[in-house]
Each structure stands twice: as C-alpha cells, then as structure tokens.
Amino acid sequence: MQRAAASRQSYTRAVFRTHAHLADEAAGILVAGGAIGCAVAGMKLPRAREDKTVALEAYFDRISTAELSRLRLMMERAGMLADAARDSTGHGGRNGSVRRIVDPGWSTLWMKRFGPFRVGRRMLIVPPWKRENERGRTTIVVQPARAFGTGHHPTTAGALRAIESLIGARAPKSILDAGTGSGVLAIAAALLGMRDGLEREIIAIDTDPTALENARVNARLNGVEKSIRFSSVPLASIHRHFDLIAANILSHTLIELAPHLKRLVAPGGRLILGGFLADEADEVLAHYRSPLRCLSRKTHRGWTTAVMARAPR
C-alpha cells in the first residue's frame, strides 16, 4: 500500500480566503500564476445560501515561496483576500498557507461533487454517470471537463434561464452561442426547441479546441450533434444576423467583442450577456447600449446576466 501511494503524483495546495463573489476572478489570477487547477472547498449547488467568504484551494505541481508571495500580494492589492480573523470557512491559517499532498484520486473523487440539479422552470442538468428524468423538465447531460459551463456557476445558470425564457416567448429561428465552452447553452436551446416542436439553426463557436471537443461530446450525449454546428471561426469572420445570441464570457472579452456581437444581432433580435460581476455591469453594458437597449438585468450571487435587444425594422 505504501509503495502504491508513493507512486502517485503529489501537489502543492495553497488555500486563500477570498470573498465569495470574487472567487472566480481570484482563481483566474492563480491559474495565470501557474496553478494547474482551483476549487472552492465545499462548493454549493445553485440556490444554496452562500457564505460571504470561501476557501479557494489552488493546486500547483510546485511553487516557490517567492512566487506564492507574489500571487498573494496581487490578490491583496485587488481586494480579493478576506480578513482571516473574520473568516467563516472553517479553514485555519493565513492566506496562502501551503501543504504538500498526494493525489487523493481526483479522477473519480470530483464526480461526487456533481449531481443532478434544476435550472429555471424546465431544465434538469445531470452528469452522464447519474442520468435522471423529472416530469415537466428537459434533461441536459453535461460531462464536466476543462471547458467552462456545467450550469453550477451563476453565470451559466443565468444564461440558461434567459435562453429558456426567450425561446419560449420568441421562438428564434437562428441562434449563435459565442464562446460555447461545454456547449451547454447551445444544447439547451436545441433540446428546448425539440420539446416545443420547433426547428432552428444553431451555431456554437469557440477559439479553444479543447472546449469544442468537450462541447461535441456533450452534444452527442444529448442526441443533438446534428442540430448544432460547432466551429472555431472568429466572430469577425461571420457576416450574417441571428435572432438570438448568447455570450457568457468574461467582462474584458465582452467589451473587446462588443462591435462584432452588436453587428450580428438581427433586427428585433436579442443578445444575452453574462460572465461579469455586478460591479462590472455598467461598464460592460455601456459598450452595447448603442444601438441595443437593455430589456432585463438580473444579478444572482454577485454575477449579472443581461438581455439586450435591437429594434425591429
């Protein structure tokens, strides 16, 4: 037994206490600084009551004391670190405390954290190893991978709820999922359309080959691989309009892509924007308000989802 344990990979785990609504932003800094992955200890499902501070665990193959201090300073200057004295996570020690650990079997351990859960009024997200059905809900199978978007995160859940509402009210014939990640938004649009007996064109794009691979796997798991066209084509190369566009991306990317996304919205069309914090919303939406107008703006667990509209001709 000791010999088997010794042959397993070991990692350095650093724990940072961060404000819950900034955990994703903090994880981005840590990954950019060399972390191979991050996780919130005891992550909760949607609708669960959120703690104000969380323990963000970052895993490194190896990291020096100087590198760790630099990352801690960056997060501190950005206002991301919570006061350890007031921490409610139950994790002792100071921010950035480290420990060398042996791989606890992550290849299967993480599966315990992802079970079926409801989103909106009509959707049930399930992993492939625990498929379930619920009367009145459309089951969406998602294989968690590196690509973003299992539906747990409030940005993905917010975008899913917006898609559910708009598909039910407007029946868009053409849909673009910009930055598809896991493909869950495009898949939801396809499945909800099938349930309503509607046929529509759905295109999902992403510049990350890994994301596209994961999205295609998920589309096959849901039997909609022929209903969605996945592509790595950049937005700048698309020269047509869509009745509905979903862009669940980080704030700086949404600002950068604003000229292209606005151009692609058809007259009378809708644009779902997500992936930004509530205190970033005004800045993001300012880049879209001409010629679009904001129809709705909803914030959940610190993250905002907005629906923009182009006037009909």
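The values are calculated or read from the model by the stated rules, or taken from the named source; none is laboratory data. As the structure is a prediction and not an experimental result, all values here were calculated from the model. Cβ sites come from the backbone with ideal geometry, for glycine too, and all protein chains shown count toward neighbours. Note: areas computed on protein heavy atoms with side chains; ligands, DNA, RNA excluded. Shrake-Rupley method; radii C 1.70, N 1.55, O 1.52, S 1.80 Å.
Would you point out which residue out of R216, R263 is part of a helix (DSSP H, G or I), open to solvent by 40 Å² or more (accessible area, probe 1.4 Å) and closer than 23 Å to T138 by Cα? Give the steps one after another, and end with the answer.
On the way: R263 fails: closer than 23 Å to T138 by Cα.
Answer to the check: R216.
Quick one: which of G269, G275 is open to solvent by less than 20 Å² (accessible area, probe 1.4 Å), touching a Phe, Trp or Tyr at 6+ places or on another chain (Cβ under 8 Å) and either closer than 30 Å to A26 by Cα or in a helix (DSSP H, G or I) (or both)?
Working: G269 fails: either closer than 30 Å to A26 by Cα or in a helix (DSSP H, G or I) (or both).
Exactly one residue qualifies, and that residue is G275.
Looking at P312, is it in contact with a helix residue (DSSP H, G or I) (Cβ under 9 Å, 6 or more places away or on another chain) and either under 24 Å from I187 (Cβ atoms) or outside any strand (DSSP E or B) (or both)? Please lay out each step first, then the result.
Details: in contact with a helix residue (DSSP H, G or I) (Cβ under 9 Å, 6 or more places away or on another chain): no; either under 24 Å from I187 (Cβ atoms) or outside any strand (DSSP E or B) (or both): yes.
So P312 does not fit the description; no.
Within region 178-185, can one find any residue that is hydroxyl-bearing (S, T, Y), assigned to a loop (DSSP other than H, G, I, E, B) and within 23 Å of A27 (Cα to Cα)?
yes
Search region 167-182 for residues that are touching a residue at least 24 places away in the same chain (Cβ under 8 Å) and pair each with any residue that is polar (S, T, N, Q) and part of a helix (DSSP H, G or I) when their beta-carbon atoms are under 6 Å apart and the residues are at least 6 apart or on different chains.
Correct list of pairs: S182/N214; S182/N218.
Scan region 287-297 and tell me whether some residue there is assigned to a helix (DSSP H, G or I) and more than 15 Å from the chain's Cα centre (by Cα). Lay out the reasoning, then the answer.
As a first pass, look at region 287-297 and keep what is assigned to a helix (DSSP H, G or I): none.
No, every residue in region 287-297 fails to be assigned to a helix (DSSP H, G or I) and more than 15 Å from the chain's Cα centre (by Cα).
Could you check S165 against (1) under 20 Å from A215 (Cβ atoms); (2) in a helix (DSSP H, G or I); (3) under 20 Å from the mean Cα position of the chain (by Cα); (4) modelled with pLDDT of 85 or more and say which number it fails?
All conditions are met except number (1).
Being outside any helix (DSSP H, G or I), open to solvent by 10 Å² or more (accessible area, probe 1.4 Å) and over 19 Å from G168 (Cβ atoms): is that true of E225 here?
On the way: outside any helix (DSSP H, G or I): yes; open to solvent by 10 Å² or more (accessible area, probe 1.4 Å): yes; over 19 Å from G168 (Cβ atoms): yes.
Judged against the criteria, E225 is a match.
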